[in-house]
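Participant: First, the structure itself, so that you have it in front of you.
The values are calculated or read from the model by the stated rules, or taken from the named source; none is laboratory data. Since the model is a prediction, treat every value here as computed from it, not as a measurement. Don't worry about glycine lacking a Cβ; one is built from the backbone with ideal geometry, like all the others, and counts go over all protein chains shown.
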Amino acid sequence: MSMDVLRSGARDNAAHGTATLSTWLPLIAIFAFAILLRNLVVANTDVSWLITLCEKILDGERPYIDFIETNPPASIYVYMLPVIVARAFSIAPEIVTDLFIFAAAAASLWLSAAIVRAANLFDRTIIFQLAALFAAIFLILPAQTFGEREHIAAIIFLPVLAVSAARASGKAVPLRFVLAAGICAGIIAIIKPHFVITIVVVAAAAAWSARNWRIFLALENWIAGAMFAAYGVLVYLAFPVFAEKILPLVAEIYVPIRSSLWKFLVHFGTPISAATFLLIFSMKSRAALRAPYSLLLAAFLGFSFSYYSQMKGWAYHAYPMLAFALAAAVIAFAQRWPLTADAGEQRNERAKRIASAFSVALLLGATFLWMNFAIDMRALREPIAKAVTNPKVLAITSDIAVGHPLTRALNGTWVGRVCGQWIATGAKILKLEEKNDALRRRYDELEAYDRNMLIEDIRRAKPDIILVDRIRFDWYEWAKSDARLSRELENYRLLEQINDVLILRRK
């Protein structure tokens, strides 16, 4: 073999190595930045609360009996494995939970790439570009909503979308990928029943594209349906209190509390969705309705059901629908104006490209800022930590964010059976517009029930710290208006008031 051939082979290997590095570098950079971001944003409130409930269960407390949670069991147990691992290795559960979500994102990207590669939907370069895009959508865009059940569901949904894209294109899907997609779809439905609609809508879009309605009866859908049905039976048998008492209470006092229609329509989720939809169709026109691209829009429409049916207006409810809509917008831009496009484009086309790029960036930025909005109670940590070590904490508030993640940051113990006065809050709001005397009395009873539970928790646990919220409603006046609760608060002195929250220290 001549030296020229060896040199040529060496050059080829070096070029291949450079191509491999350049292919992987965006993914590596996105994961690295996302890890850094976890240390810059406020810890998620709901995740902190649900981790706390996992710890309570491991300590022997019974769900829906020793503590009350509005969500079904899957909302708690989805975080159980990270908490068990954290406890086994004496690591903070928040760190392990984040690691599990990063691992889930990596596994989802790998599995989805394997599915579309097996179906020959895209070439290797496009697959890596899509992986980088969805890595950013899953790991950076969520900001403070990172780790929410909606965030986890969106990550797990990607392989389902990949299988649906293969079916929409008339490609055969290997059994191993069908089974994996079915399990993913089942988990999504279990995490939040609202997401069943997403599975149905995406299956319908795939069936319409393939002109084959038997896709509705595909194995992955049967697997998801079986898992969801089994979960429903399990909840009824293993958690009868939830089915018999908590679910009716949530339906009566929590579900009816919604944003006003006008506020909901002008709030961030709807304008961002509408603007993204218009931008996509301005760039792709009717091509947006062709598979596999159309499945992204189907995912957006399916996840939007959860946001609009609940009408709470919370950012994390909107995350899945915006995640897939914005991913579709980025792809539409890249397809319309690829990097290899002719540099001699017309002035009009250049203006459209610049305007579209600005619009996509603006929508991504607006979504990130909205997802990062959170009530920040970190200022309360220092005065409490100076006053008491590892405190027992309770809050009188309508906002879960007052006590969580602050309690965990203090290495404290939450001693309330509820995360806050959501029962009394719902009762007071519903009573304002209720004319029926019987219902008004019922709301008074529910408010009294919440107040009595609070009094019992204070007497039983004797918390070191009670946080009293005066941000949007004066819960201190509410507490003082009841003689029994007022007497309990006489055992506390004002430590400090920060951000309209009273910090009461036990005498």
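Participant: Can you find, within region 445-470, the residue that is nearest to the chain's Cα centre (by Cα) among those that are closer than 23 Å to Q497 by Cβ and among the charged types (D, E, K, R)?
Facilitator: So, considering only residues that are closer than 23 Å to Q497 by Cβ and among the charged types (D, E, K, R), the one nearest to the chain's Cα centre (by Cα) is D469.
Participant: Surrounded by 15 or more Cβ atoms within 10 Å (Cβ to Cβ) and either free of Cβ contacts under 8 Å to residues at least 60 places away in the same chain or closer than 30 Å to P256 by Cα (or both): does that describe R460?
Facilitator: So R460 does not fit the description; no.
Participant: I need the full set of residues from region 202-249 which are of a type in the set (S, T, Y) and buried (at least 16 other Cβ atoms within 10 Å of the Cβ), in order please.
Facilitator: Here is the first cut: in region 202-249, the residues of a type in the set (S, T, Y) are 209, 231, 236.
Matches in region 202-249: S209, Y231.
Participant: On to the next question. Considering only residues of region 425-463 that are in a helix (DSSP H, G or I) and either outside the structural domain of A483 (by TED's automatic domain parsing) or of a type in the set (S, T, N, Q) (or both), which is farthest from Y254 (Cα to Cα)?
Facilitator: Restricting to residues being in a helix (DSSP H, G or I) and either outside the structural domain of A483 (by TED's automatic domain parsing) or of a type in the set (S, T, N, Q) (or both), the top hit is N452.
Participant: Turning to a different aspect of this structure: Out of S304, S294, which single residue is without any contact (Cβ under 8 Å) to a residue 40 or more places away in the chain and touching a helix residue (DSSP H, G or I) at 6+ places or on another chain (Cβ under 6 Å)?
Facilitator: Exactly one of S304, S294 is without any contact (Cβ under 8 Å) to a residue 40 or more places away in the chain and touching a helix residue (DSSP H, G or I) at 6+ places or on another chain (Cβ under 6 Å), namely S304.
Participant: Follow-up question, since we're still on this one. As an exercise: evaluate E349 against (1) under 25 Å from S169 (Cβ atoms); (2) assigned to a helix (DSSP H, G or I) and give the number of the one condition it does not meet.
Facilitator: Among (1) under 25 Å from S169 (Cβ atoms); (2) assigned to a helix (DSSP H, G or I), E349 violates only (1).
Participant: Here is a further query. Which ranges mark the helices (runs of 4 or more DSSP H) fully within region 210-316 that have 1 or more residues being under 29 Å from V78 (Cα atoms) and not assigned by TED's automatic domain parsing to the domain that holds L439?
Facilitator: 219-238, 247-253, 269-284, 293-310
Participant: For region 76-95, what are the residues that are assigned to a helix (DSSP H, G or I), surrounded by fewer than 21 Cβ atoms within 10 Å (Cβ to Cβ) and hydrophobic (A, V, I, L, M, F, W, C)?
Facilitator: M80, L81, I84, V85, A88, F89, I95, listed by residue number.
Participant: Moving to a separate point now. Take the residues in region 130-144 that are under 12 Å from the mean Cα position of the chain (by Cα) and part of a loop (DSSP other than H, G, I, E, B); name whichever of them is surrounded by the most Cβ atoms within 10 Å (Cβ to Cβ).
Facilitator: Among those that are under 12 Å from the mean Cα position of the chain (by Cα) and part of a loop (DSSP other than H, G, I, E, B), it is P142.
Participant: Okay, moving on. Which numbered condition in (1) modelled with pLDDT of 95 or more; (2) touching a helix residue (DSSP H, G or I) at 6+ places or on another chain (Cβ under 6 Å); (3) surrounded by fewer than 18 Cβ atoms within 10 Å (Cβ to Cβ) is the only one that A427 fails?
Facilitator: Of everything listed in (1) modelled with pLDDT of 95 or more; (2) touching a helix residue (DSSP H, G or I) at 6+ places or on another chain (Cβ under 6 Å); (3) surrounded by fewer than 18 Cβ atoms within 10 Å (Cβ to Cβ), A427 misses just condition (3).
Participant: Within region 53-63, is there a residue that is touching a Phe, Trp or Tyr at 6+ places or on another chain (Cβ under 8 Å), outside any loop (DSSP other than H, G, I, E, B) and among the acidic types (D, E)?
Facilitator: Looking for residues that are touching a Phe, Trp or Tyr at 6+ places or on another chain (Cβ under 8 Å), outside any loop (DSSP other than H, G, I, E, B) and among the acidic types (D, E), one finds none in region 53-63, hence no.
Participant: Please tell me if R472 is farther than 28 Å from V42 by Cα and surrounded by fewer than 16 Cβ atoms within 10 Å (Cβ to Cβ).
Facilitator: Against the criterion (farther than 28 Å from V42 by Cα and surrounded by fewer than 16 Cβ atoms within 10 Å (Cβ to Cβ)), R472 does not qualify.
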